[in-house]
Each structure stands twice: as C-alpha cells, then as structure tokens.
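For reference, the structure discussed in these notes is given below.
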Amino acid sequence: MLLFYEIFRLNHYFEKPLTYIGFGGTGMQVRDILHVQDLYELLDLQLESFDKANGQIYNVGGGRGNSISLLELSERCHKLTGNKIEIHSTGTTRHHDLMVYITDNRRVHEDFGWSPQRSVSAILEDIYAWLQANEKEISNSLIP
C-alpha cells in the first residue's frame, strides 16, 4: 500500500498531476507521516518484549511533530525535486474525508518508550534518495 506522502513524492518525481480532494480543494488537510525505519525500530522493541506486546493494539504514526498539510507537502516535494506539477482541486468533501489526522502515540510510548525519531524533512529526503537510486525499477503504473 502506498501512503499518501509516497504518492506525492512519486507524482512530483515523475511529474504527474495530483488532486486535492475535499475541504474546498485547497490542500489544507493535515496528516502525520512516519519513516519506515522508525516503524522497524518499534517492531524490534516489541519483538524483544513480545509478552508485553502480545495481543495489544497500538496506534502508531508520526504524531504531532511529524504532521504536515497536503499543500505544505507539495511545496516541499517541489523544492526537493525541482519539479512543479499540476495540482487539481475537487472541493467536494466526501463523508469519509478527514480535515486532520494526527496519530496519538501515547500508549506505545508508555509501553515501549518509543517515539518517531526522523523528521518530516528526513522522511522526504530519504524517499527522494530512494526514488533516485531505484528510478529504473519503478514503474509508472505505480503512480495513480
């Protein structure tokens, strides 16, 4: 599954258009993002304490410190790639659209002392570096 910020990076990298959907189509929706390495480190902690984690459900994400609006994300992707892409707007908000989603990591932090270590900038730079290193293997069919 491609996360929304990966789709943004792919579209900017390969110069494909994007659409801001809902809430007036302005891109002001906010989401938090998480680096895969931060998730890996949490899973490693949980495996080390399997009895504590066994059967538990945790919310895991970037949290407030790693939250970003779609508009802001577009601007950062433009700066990293140098590619200015076409962005469409669909102002109609669907019943399942959320204006803000920021993960509450308190429980996983309390149980494992874990919190995301990589910033939004580091996440985007790492995705960009990965795209550059793997450009030949990435199919345009991955881009919606």
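Each reported figure results from applying straightforward, stated rules to the coordinates on display, with no laboratory input. Treat the numbers as computed from the prediction; the structure is a model and nothing was measured. Cβ placement follows ideal geometry from the backbone for every residue including glycine, while neighbour counts extend to all protein chains displayed.
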Neighbour counts of other C-beta atoms within 10 Å: give me HIS109, HIS35 arranged from fewest to most.
HIS109, HIS35
Antiparallel bridge percentage (DSSP; both residues within the chain; nearest 5)
35
Among [x] 19.0; [y] 15.0; [z] 16.5, the entry derived from the coordinates for Kirkwood radius over Cα pairs in Å
[z]
Net charge near TYR20, counting Lys/Arg +1 and Asp/Glu -1 over other residues with Cβ under 14 Å of its Cβ?
-2
With +1 on each Lys and Arg Cβ and -1 on each Asp and Glu Cβ, and nothing else charged, work out how big the dipole of segment 19-73 is about its Cα centre, in Debye to the nearest 20.
280
Just check segment 78-144 against the gyration tensor rule for me: Cα atoms, a ≥ b ≥ c as the square roots of the eigenvalues, rounded for a/c under 1.5, and otherwise prolate or oblate depending on whether a/b exceeds b/c.
oblate
Quick one: helix 120-133 against the long Cα principal axis of the chain, what's the angle to the nearest 10°, folded into 0 to 90?
70
Ranking VAL108, VAL100, VAL36 by Cβ neighbours within 10 Å, fewest first, what do you get?
VAL100, VAL36, VAL108
For the chain, give the magnitude of the charge dipole about the Cα centre (Cβ charges: +1 Lys/Arg, -1 Asp/Glu; no others), in debye to the nearest 20.
460
Going fewest to most other Cβ atoms within 10 Å around each Cβ, ARG94, ARG106, ARG118, ARG9 line up as ARG94, ARG106, ARG118, ARG9
The answer for the net charge of residues other than GLN56 whose Cβ lies under 14 angstrom from its Cβ, with Lys and Arg +1 and Asp and Glu -1, is 0
Assuming a ≥ b ≥ c are the square roots of the Cα gyration tensor eigenvalues, decide whether segment 49-99 counts as rounded (a/c under 1.5), prolate (otherwise, with a/b larger than b/c) or oblate.
oblate
Sticking to Cα atoms, compute the Rg of segment 15-55 to one decimal and its Dmax as the biggest Cα-Cα distance, whole number, in Å.
17.9, 47
